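Here is the structure we will look at.
The values are calculated or read from the model by the stated rules, or taken from the named source; none is laboratory data. Note that the structure is predicted; figures quoted are calculated from it, not measured. Cβ atoms come from the backbone with ideal geometry, glycine included; neighbour counts cover every protein chain shown. Note: areas computed on protein heavy atoms with side chains; ligands, DNA, RNA excluded. Shrake-Rupley method; radii C 1.70, N 1.55, O 1.52, S 1.80 Å.
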Amino acid sequence: MKSMEAIRAQFPILSRTVNNKPLIYFDNAASTQKPLLVIEALDNYYRQSNSNVHRGVHTLANEATVAYEGVRDQVQNFINASSRSEIIFTRGTTESLNLLAYSFGELLNEGDNIIVSMMEHHSNIVPWQLLAKRKKIEIKVADIHENGELNMEHLISLMDEKTKLVSVAHVSNVLGTINPVKEIIIEAHKRDIPVCLDGAQAIAHVPVDVQALDCDFYVFSGHKMYAPMGIGILYGKEKWLDKMPPYQGGGEMIKNVSFDGTTFNELPYKFEAGTPNVGDALGLGKAIEFMQQFSFTEIMAHEVAMTKKATDILKDTGDITFYGTAEKKVGVVSFLMNNIHPYDAGTFLDKMGIAIRTGTHCAEPLMKHFGIMGTMRASFSIYNTEEELDAFAVAIQTIKSIFE
Amino acid sequence: MKIQEKADAVAEEFAVFEDWLDKYNHIIELGKDLPSYDEKLKAPQYLISGCQSQVWIHASFENGLVNFEGDSDALITKGIAAILIRVMSGSTPDEILDNDMSFIDGIGLREHLSPTRSNGLNGMIKQMKLYAMAFKAKEQAK
Ligand SMILES: Cc1ncc(COP(=O)(O)O)c(C=O)c1O
């Protein structure tokens with residue numbers, strides 16, 4: 001792996017201070033910071049090539065189109081999709097899931113059901129609830145074990161002949177659990193049920209190969225993998241995308257329009273109505289380049305080490321409850337300091353320059369399951385260091401002494 | 001004492017702290033000094049929504065003056081509630097409605113006013129003003 005210094009030098013924001021302390025950014029599950037090449041890609045695009053895509057004969061339009069479509073190829077390659085037409089640009093995970101709930105949802109009938117899990121982000125719950133109302137379908141919820149692993153037996157037992165989709169997180173944003181998605185897909189496919197994976201928390205942390213997984217849909221956000229906010233991906237198998245009706249109507253997504261009837265464009269454009277987010281897509285391309293400097297073996301080893309050290313620090317502090325202690329997890333540590341409100345602790349950490357997330361993490365059903373109002377969550381990225389954890393240890397001790 | 005006078009007194013109290021840690025310790029102490037809050041008043045209608053911590057504000061009206069009580073499960077939030085209660089309690093509805101709450105700047109709590117701070121300071125102020133408005137309307141209806 002490159003030296004930590006060299007990695008950190010690529011992230012300008014890491015040299016700033018917060019409350020007169022060096023920034024320690026442990027909120028990577030919410031959004032990662034951006035490396036220089038991503039920031040420069042945006043700047044370059046708006047300085048040099050800004051233009052609408054797919055529409056013009058002029059040089060700028062051609063350049064922008066080539067660059068934009070080039071990112072589609074990069075994404076295809078990054079997740080090993082079999083065809084570029086299976087890669088749909090969206091605003092992010094949330095929009096991808098809403099697109100699916102709307103368009104794939106059109107294929108469902110009253111009395112059908114879909115399965116999610118107890119650990120889902122609201123993005124993988126609410127779009128399905130809207131669909132459930134629209135189509136009178138049922139949403140079934142798979143249980144989890146106390147350590148934050150999916151209850152596979154329960155999940156499988158929920159699958160029946162009316163199940164039209166299983167949509168679960170590849171990795172949990174609260175618990176860090178890496179779900180046994182391959183096994184879920186095998187079980188679902190045995191029953192002819194397609195599977196959608198919410199990859200928001202997986203994409204920067206574990207290798208994703210959609211063909212090896214054989215998932216039917218895979219969704220993620222660029223901003224959680226070093227790319228700008230406002231760009232994300234919906235991967236879908238062509239056989240499903242072909243069957244699904246368009247999501248939004250407008251320019252780009254049509255072949256011919258007349259008042260007698262409109263024919264839709266081919267994939268992937270059928271699902272990309274209107275002027276796309278070209279600049280941020282180019283940023284995503286650069287973020288993929290950034291990530292490809294590393295192997296996932298390196299990334300995962302780093303996260304495991306950070307997680308272990310953070311866990312040890314907290315254990316030494318005493319009086320800590322952990323949420324999510326699955327055997328296979330990414331660099332996410334959710335915990336509560338007993339008798340100290342996460343809001344209080346989070347505020348004090350911020351005063352010491354340390355950014356963590358506190359609250360429900362957009363997973364209220366999961367909080368309810370544990371009977372808590374929220375957790376504190378430290379989540380790590382490639383640029384976090386053991387020294388930062390040493391500072392975290394001191395900060396946690398300080399907080400403990402204040403509240404005792 | 002008028003709202004502004006009480007606010008000035010609080011600001012003076014905070015002025016001696018140079019260190020953020022001391023300042024926050026004082027906020028927490030103020031919270032601990034709040035009179036105990038009736039558990040029965042921890043009902044949903046007294047809960048301020050939109051904060052990460054739970055905070056309850058209840059008000060009563062006697063002899064033309066509004067009195068507040070409150071509680072929170074987070075100590076910083078409870079301390080902030082205590083400051084607001086200390087400053088606003090015992091005032092007439094008009095005094096409460098007319099105050100622009102700029103005293104919060106004086107105490108150095110402005111950072112908590114940002115709507116994104118989800119600690120309920122904004123929510124508490126809004127709720128207190130709503131109480132004042134309701135009491136005023138009630139008085140006028142007499
Ligand atoms: C598991 C999971 N799903 C979905 C989302 C939503 O992602 P976005 O807000 O980028 O659309 C998140 C983001 O926090 C997440 O962690």
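Scan segment A:34-66 for residues that are of a type outside the set (A, V, I, L, M, F, W, C), at pLDDT 95 or above and surrounded by 19 or more Cβ atoms within 10 Å (Cβ to Cβ) and jot them down.
Once the filter is applied, which keeps residues that are of a type outside the set (A, V, I, L, M, F, W, C), at pLDDT 95 or above and surrounded by 19 or more Cβ atoms within 10 Å (Cβ to Cβ), segment A:34-66 yields A:Lys34, A:Pro35, A:Tyr45.
Looking at A:Val57, is it within 18 Å of the chain's Cα centre (by Cα), among the hydrophobic types (A, V, I, L, M, F, W, C) and not assigned by TED's automatic domain parsing to the domain that holds A:Arg377?
Working: within 18 Å of the chain's Cα centre (by Cα): no; among the hydrophobic types (A, V, I, L, M, F, W, C): yes; not assigned by TED's automatic domain parsing to the domain that holds A:Arg377: yes.
Criteria not met by A:Val57.
May I ask you to list the residues in segment A:330-353 that are within 14 Å of another protein chain (Cβ to nearest Cβ) and in contact (Cβ under 8 Å) with a residue 40 or more places away in the chain? Walk me through how you get there before you give the answer.
Initially, segment A:330-353 is screened for residues within 14 Å of another protein chain (Cβ to nearest Cβ), giving A:336-353.
Once the filter is applied, which keeps residues that are within 14 Å of another protein chain (Cβ to nearest Cβ) and in contact (Cβ under 8 Å) with a residue 40 or more places away in the chain, segment A:330-353 yields A:Leu336, A:Met337, A:Asn339, A:Ile340, A:Asp344, A:Ala345, A:Phe348, A:Leu349, A:Asp350, A:Lys351, A:Met352, A:Gly353.
Any residue at all in segment A:176-184 that is under 20 Å from A:Asn77 (Cα atoms) and either outside any helix (DSSP H, G or I) or polar (S, T, N, Q) (or both)?
no
When you scan segment B:133-142, do you find a residue that is open to solvent by less than 20 Å² (accessible area, probe 1.4 Å) and modelled with pLDDT under 95, even just one?
no
Collect the residues in segment A:92-143 that are open to solvent by less than 40 Å² (accessible area, probe 1.4 Å), more than 16 Å from the ligand (Cβ to nearest atom) and not β-branched (Val, Ile, Thr), keeping them in residue-number order.
A:Ser103, A:Phe104, A:Gly105, A:Leu108, A:Asp112, A:Asn113, A:Leu131, A:Ala132, A:Lys140
Please determine, by comparing only the residues of segment A:222-259 that are out of contact with any Lys or Arg (no Cβ under 8 Å at 6 or more places or on another chain) and open to solvent by less than 10 Å² (accessible area, probe 1.4 Å), which one is farthest from the ligand (Cβ to nearest atom).
A:Met244
Report, by residue number, each residue of segment A:13-43 that is over 15 Å from A:Ala287 (Cα atoms) and part of a helix (DSSP H, G or I).
Matches in segment A:13-43: A:Ile13, A:Leu14, A:Ser15.
Please specify each residue of segment A:75-91 satisfying the condition of being within 13 Å of the ligand (Cβ to nearest atom) and assigned to a helix (DSSP H, G or I).
Initially, segment A:75-91 is screened for residues within 13 Å of the ligand (Cβ to nearest atom), giving A:90-91.
Across segment A:75-91, there are no qualifying residues.
Which numbered condition trips up A:Gly148, out of (1) within 15 Å of the ligand (Cβ to nearest atom); (2) under 30 Å from A:Tyr46 (Cα atoms)?
Condition (2) is where A:Gly148 drops out.
Which residue is surrounded by the most Cβ atoms within 10 Å (Cβ to Cβ), if the candidates are limited to segment A:166-192 and must be more than 15 Å from A:Leu213 (Cβ to Cβ) and within 16 Å of the ligand (Cβ to nearest atom)?
Here the residue is A:Ser172.
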